[in-house]
Each structure stands twice: as C-alpha cells, then as structure tokens.
Amino acid sequence: MTDHPKLTLYLRNFSDGPDADWSGTLDAARAMDAVGVDRVVVSDHVVFGENLDAYADPAVGGTTGGTQPTGPDGQWLEPLILLTAIAATTTRIRLGTSVLLAALRRPAVLAKQLATMDVLSGGRIDLGVGIGWQREEYQAAGLPFERRGRLLDHTLEVCQTLWTQQRGSYSSPELSFDGIHQMPKPLQPNGVPIWVSGTVNPAVARRLSRFGMRWIPWGPAITDLDGAIPAMKRAIADTGADPDGLQVQGSAGLLRGADRRIDVAASVAGVPRMVADGATDIRFSGSLPSDLGQAQDVLAELVDAFRKITD
C-alpha cells in the first residue's frame, strides 16, 4: 500500500461540440502539473456505433444509470497521442489511461508505443485497462466481442514479455514468437505499471494477480469500497496470489455549490472514508473552469485541501 493517497484528475479528452478547444485541454494538464496533482488520466474510444444504451447495461460492461456523454459523433482524442503531447509539456505529473481498450491494439505495437512514451516522459506512464462495453468497437477492429477478456489478457501478456525479456519468447493460441527483440525497454522496473478495471469477479481477480495489484473498481464496486475491497482481496487470494499491497482507485467528483463554483471542501469531504475503506488513489472527475487562471487557482486549492485531509 502506498504511504500517502495519490490525487488523480480525470481530463476530458472528448467533446460533444464541433469546436473543441484542445489547446485548453493541454493548458489544463500543465496547470495540474504545476500545482502538484499526482496523476492525470484520460479515457478511450476508438469508434462508436449507434447502440449507446449499452453504456448503461452491466451485462456487457456498462454501469447502471450510465450515459455516453457525447453521442456517436462526439470528438474523442486518442489517449496515447494526447498523453504524449502532455508528457512533452510537463515535468513531474504521472500520465495514465482510465481506461485504455488495450485489446483493440496489436500487442507488439502497443508495447512499443508505451515503452517509447515511458522513456520520453522519464518513466511517468501508467496503463489502466478494461474490456469495454461496446460491441461495435470490437467489430470495427475485426475482433470477437465475446472473447474480449481473453484478448485483453493476451495483449498484456505480450506487452509484459517485450518489456521485460531481452530476447522475447511467447506462446499462446493467439500468437507465438521466439528470439524477438524490442528496444527501448520502459524506464520503470518490470515495465509500465498496469491498472485493471472491472467488477468483483474471478476474471478480474486473476488479471490483477497476473499483471499487477492495481485495481480500478467498476460497477457497484465504485460506490461500495467498504464491501468491494475485502471481496476483491478474497477473490485474489482464491487465485493463489497474495492480495496484500493491493492499490485501489476511489472515485470522487468536483462538486459545485449553489453559485456553480467548484466547492473544494465538499469535493474532498468523502476522501477520508474512501481511504479508510482501502483506497490508495483518489480520482476526481468533473469540469474545470474554462479560464486558465481560475482553473489553476481551483486546482491549487484542491491539492492543498487533499493533502491536509489525507495527512
């Protein structure tokens, strides 16, 4: 478990309008870096179909009551390219995906991209992954939606092989290779840290035990860390792995008061409870003020309040 909870901010890399100010997105990331936010994360969609109701269907990976925020023609920036741009103009903030649909990418190419990002950023990359909820994305990539869990595992297996083996060898029903070299390796020991998104279930527990003890709760677990974290630790133990040291993301929002300004005190009020339940990383989502100066002031206030409440 980390010594002090980390403060993560979700940066919107999508827009439902035709004239998004992406320079403002980069400015916001630089402001986060300047005031001491620990990590910035962005989301992923490669394409959209038209069955957006699936976002609210837990049976296919959505969340009850969830809504897709832009419609099928919303603009969504590719997360790895965006994070590379952010890496080039920041110095210390960690850069992550929450979450990347990693199975949609060819594994060896993804391993190369992430290793390159890690080297150029000075070892600041985190890879958050999930299986996704949208059948059409897998169809557009020529991949079977029903096998998305296995495809994700396969992708992560190849990435970790190429990150850690000088002379890579790998064998699975999907792919086999031997004597394969890929440089550079990530700067971070054992490769880019992997965060696994999912509900409390045996498949996610196995994924955590294999690829890294870092969990992004999904579904009912998001709002029930008190019950979900012990349940996930039991599920991990059932795989034969040691769940001690499991890192867990808690989810919070940038709440607004009656004057529509961000209420920092209200936003951080639930943090101590999540930390007591076992959260090691608190991710805040919500819109920042469009004015850069105001956004930086809010971010500085948030960082200060977060540090005080978690000391």
The Cα extents of region 30-143 along the principal axes, largest first and rounded to whole Å, are 40, 32, 23
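Per residue, how much space in cubic angstrom lies within the convex hull of the C-alpha atoms of region 118-262?
Normalising the Cα hull of region 118-262 by residue number yields 177 Å³.
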Along region 215-223, Karplus-curve 3J(HN,Hα) (6.51, -1.76, 1.60; θ = phi - 60°) to the nearest Hz, with x for Gly and Pro, reads 10, 9, x, 9, x, x, 5, 4, 9
Kirkwood hydrodynamic radius (Cα pairs, Å) of region 222-297? 14.3 Å
Note to self: with every protein chain in place and a 1.4 Å probe, the chain gives an accessible area per residue in Å² of 45 Å²
Please list, ordered by chain and number, the residues whose modelled amide H lies under 5 Å from the amide H of Val248; skip anything fewer than 5 residues away on the same chain. Trp215, Thr280, Asp281
So if we plug the beta-carbon distance of Gln165 and Arg210 into 1/(1 + (r/R0)^6) with R0 = 22 Å, what FRET efficiency do we get, rounded to 0.05? 0.85
If you average the C-alpha positions of region 139-163 and of region 227-276 separately, how far apart do those two centres end up, in angstrom? 28 Å
How far, in nm, would the chain grow between Ala203 and Ile309 when pulled straight, counting 0.36 nm per residue and subtracting the alpha carbon separation? 34.7 nm
Once phi is turned into ³J(HN,Hα) by the Karplus curve 6.51 cos²θ - 1.76 cosθ + 1.60 with θ = phi - 60°, what whole-Hz value does each residue of region 59-76 show in order, with x for glycine and proline? 5, 10, x, x, 10, 4, x, x, 9, 6, x, 10, x, x, 9, x, 8, 10
Excluding residues fewer than 8 positions from Lys185 in its own chain, the aspartates and glutamates with Cα under 16 Å of it are Asp118, Asp126, Glu157
Thr63 and Glu146 label points (each 7 Å along its Cα→Cβ direction) are spaced in nm at 2.9 nm
To the nearest 20 Debye, how big is the dipole of region 79-228 about its Cα centre, given +1 on the beta carbon of each Lys and Arg and -1 on that of each Asp and Glu? 300 debye
When the Karplus curve 6.51 cos²θ - 1.76 cosθ + 1.60 is applied with θ = phi - 60°, which whole-Hz ³J(HN,Hα) does each residue of region 256-273 get, with x for Gly and Pro? 10, x, 4, 7, 6, 7, 5, 9, 5, 4, 5, 5, 9, 4, x, 5, x, 5
Checked the chain with the C-alpha gyration tensor, a ≥ b ≥ c its square-rooted eigenvalues, rounded below a/c of 1.5, otherwise prolate if a/b is larger than b/c and oblate if not; verdict rounded
Paramagnetic reach from Ala56 (point 7 Å along Cα→Cβ, amide N under 17 Å) across region 195-233: 219-220
Considering only DSSP beta bridges whose two residues both sit in the chain, what percent are antiparallel, to the nearest 5? 20 percent
Among the lysines, which fall within straight-line cross-link reach of Lys308, defined as a Cα-Cα distance under 30 Å, with same-chain neighbours fewer than 8 residues apart omitted? Lys6, Lys233
Carbon/sulfur fraction of accessible area - region 6-309, other protein chains in place, 1.4 Å, %: 51 percent
What dipole magnitude, in Debye to the nearest 20, does the chain give about its Cα centre under +1 on Lys/Arg Cβ and -1 on Asp/Glu Cβ? 840 debye
Tell me the mean residue ellipticity at 222 nm calculated for the chain from its helices only (DSSP H runs of n ≥ 4, each -39500 (n - 2.57), averaged over every residue, nearest 500). -11500 deg cm²/dmol
Region 124-211, relative contact order in percent, only Cα pairs under 8 angstrom and at least six apart counted: 33 percent
In the chain, whole DSSP H helices that both stretch 18 Å or further along their axis by alpha carbon positions and average at least 0.5 on the Kyte-Doolittle scale are 107-121
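The values are calculated or read from the model by the stated rules, or taken from the named source; none is laboratory data. Here the structure is a predicted model, which means the values were calculated and not measured. Here Cβ is always computed from backbone atoms with ideal geometry, including for glycine, and neighbour counts include all displayed protein chains. What goes into the accessible areas is simple: the full protein's heavy atoms, side chains included, and nothing from ligands, DNA or RNA. Shrake-Rupley method; radii C 1.70, N 1.55, O 1.52, S 1.80 Å.
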